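One structure below.
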């Protein structure tokens, strides 16, 4: 397995996705089938049971015990996450910001958004 190379940014397909890059709607990582359960005692891997929900993307609550939560943004904070913005400021985004996350993640659409 090539994941975990923090200095190389390998990811599941060589692009860094699933390792050091996480898209605002990470459907490619989900579709890759690389989301797995890891038995830390044996090192064995298996598919999540039940399978991951393809709508489990973006910014929403998660758990370290759920392998399906590795391909979306979440935090141990109860209501959202801290995000570093391009101007160097840090903002806490509530989970309700999930709907505007793609607009915040790109300048390509020139979207003007109000952060909840």
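Bear in mind that the values in this text are calculations on the coordinates, not laboratory data. These numbers were taken from a predicted model, which means no experiment stands behind them. All Cβ positions, even for glycine, are placed from backbone atoms using ideal geometry, and neighbour counts span all protein chains on display.
Could you list 40, 106 so that the one with the fewest beta carbons within 10 Å of its beta carbon is first and the one with the most is last? Provide the component values of the computation, followed by the final result.
Details: 40 6, 106 10.
Ascending Cβ contact count within 10 Å gives the list 40, 106.
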Checklist line | FRET efficiency for residue 112 and residue 64, using Cβ-Cβ distance with R0 set to 35 Å, rounded to 0.05 | finding: 0.50
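Taking segment 45-116, how much of its Cα-Cα pair set, in percent, is spaced more than 16 angstrom apart?
Roughly 54 percent, rounded to a whole number.
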Notebook entry, point to check: Among 94, 87, 69, which comes first, then next, by fewest other beta-carbon atoms within 10 Å?
Noted result: 87, 94, 69
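Expressed in nm to one decimal, what extension gain is obtained for the pair residue 92 and residue 25 from 0.36 nm per residue of sequence separation less their Cα-Cα distance? Write down the numbers at each step before the final one.
Details: separation 67, 0.36 × 67 = 24.12 nm, distance 1.89 nm.
Full-extension gain reported as 22.2 nm.
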